[in-house]
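The values are calculated or read from the model by the stated rules, or taken from the named source; none is laboratory data. Remember, it's a predicted structure, so these values are computed and weren't measured experimentally. For neighbour counting, all protein chains shown are included, and Cβ atoms are generated from backbone atoms with ideal geometry for every residue, glycine included.
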Amino acid sequence: MLRKTILLVLFISTLVACKKQEKEIPEKKDGHPSIKAEKLSEVLLSGGELMRIDSFPSNYITPRPVDVWLPNDYSDKKEYKVFYMHDGQNLFDANTTWNNQEWKADEWITELIEKDSIHDLILVGIHNIPKIRFLDLFPEKAFNYMTEKVKDSLFEDGKKKGLSITLEDFKGDEYLKFIIEELKPYIDQTYATKPSREDTFIGGSSMGGLMSMYAMCEYPDVFAGAACVSTHWSGMNPTAYKNPVAKSILAYMKEKVPSASDHKFYFDYGTETLDAFYPKYLTDVDDIFSAKGYKSHNYMNLEFEGADHSESSWNRRFDIPLTFLFKK
């Protein structure tokens, strides 16, 4: 009887120890079970591999595709910085884009990593939905820097031009909540990332440049740096310098640009097509960042003479913001 009791005690002790050990084993990163990413074999890449979630679910914005580019020799035994970019369908393969142009993101990142010029990184491309792209990417809180009279006149002018939109149609804040509360947790859970602020970056062009600036200002504890390429400073009417929308964006920035001690901003602009309207904002933007204490090591605002507003122009200089943000 005594022997049976001892054996029973030993069995229970062993079982408890095993259960305790099971709890101490960290769970393997496997992402959200309802979100499925598939490798895109038909996309032409010069390096790495591309994963796609066809319709990333969201409680904040219209679901859309999200691409995740993984560099050569990606390993879950390493840790990678993460670069979130807007207009994700234009980043990798010109054969699949609306204008047969691309950023050549895989070419540039692969080359710079192989040269040991930048840190290892994962690129997350958030696709746009053309019909609502402007509404998703406009810095929504800039409207707080307009009078009600100005806001009313803007929407009335829009109606005359066939644009029946209201303030409630703008989703810039919701778009950022999607990135922060839904997309980033999935990326950090699924891939071998460094989730901290100093390893998280955001970027885009035109309206995507505006949204990247806005993301830094709204979530300075999440993002360490932004690449704002051919930033659409005019907001709505590009031909009118410092129109009410542009004024509101500049006023927002003057108050909200985060500390220069631990953030980086890259801006640039060309001089042709739509970019021709951006150089006039150079001094305004420079003055805002100078007043905040930004210097050449954490702030750039470059002009590219002859460059137009297109992926073909942006891909010729994409190595510059990549090196600025991710330099070893």
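So the values come out like this:
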{"quantity": "Any hit, the stretch 233-240, residues being small (G, A, S) and assigned to a strand (DSSP E or B)", "calculated": "no"}
{"quantity": "Pairs with Cβ under 8 Å, 6+ apart, first in the stretch 269-285 and in contact (Cβ under 8 Å) with a residue 12 or more places away in the chain, second in a helix (DSSP H, G or I) and of a type in the set (D, E)", "calculated": "Y269/D275"}
{"quantity": "The one condition in (1) among the aromatic types (F, W, Y); (2) in a helix (DSSP H, G or I); (3) out of contact with any strand residue (DSSP E or B) (no Cβ under 9 Å at 6 or more places or on another chain) that Y186 fails to fulfil", "calculated": "(3)"}
{"quantity": "Members of the stretch 170-207 found to be touching a Lys or Arg at 6+ places or on another chain (Cβ under 9 Å) and either of a type in the set (G, A, S) or modelled with pLDDT under 95 (or both), listed by number", "calculated": "G172, A192"}
{"quantity": "Pick from the stretch 90-121, criterion acidic (D, E), surrounded by fewer than 19 Cβ atoms within 10 Å (Cβ to Cβ) and not in a loop (DSSP other than H, G, I, E, B), ranking: nearest to the chain's Cα centre (by Cα)", "calculated": "E107"}
{"quantity": "In the stretch 145-165, residue farthest from K247 (Cα to Cα) [restricted to those that are in contact (Cβ under 8 Å) with a residue 24 or more places away in the chain and part of a loop (DSSP other than H, G, I, E, B)]", "calculated": "I165"}
{"quantity": "Any hit, the stretch 206-221, residues being in contact with a Leu (Cβ under 9 Å, 6 or more places away or on another chain), of a type outside the set (G, A, S) and in a loop (DSSP other than H, G, I, E, B)", "calculated": "yes"}
{"quantity": "The stretch 242-270 - residue that is closer than 24 Å to D319 by Cα and in contact with a Gly (Cβ under 6 Å, 6 or more places away or on another chain) and, of those, surrounded by the most Cβ atoms within 10 Å (Cβ to Cβ)", "calculated": "K264"}
{"quantity": "G204 buried (at least 19 other Cβ atoms within 10 Å of the Cβ), within 15 Å of L322 (Cα to Cα), out of contact with any helix residue (DSSP H, G or I) (no Cβ under 8 Å at 6 or more places or on another chain) and touching a residue at least 40 places away in the same chain (Cβ under 8 Å)", "calculated": "no"}
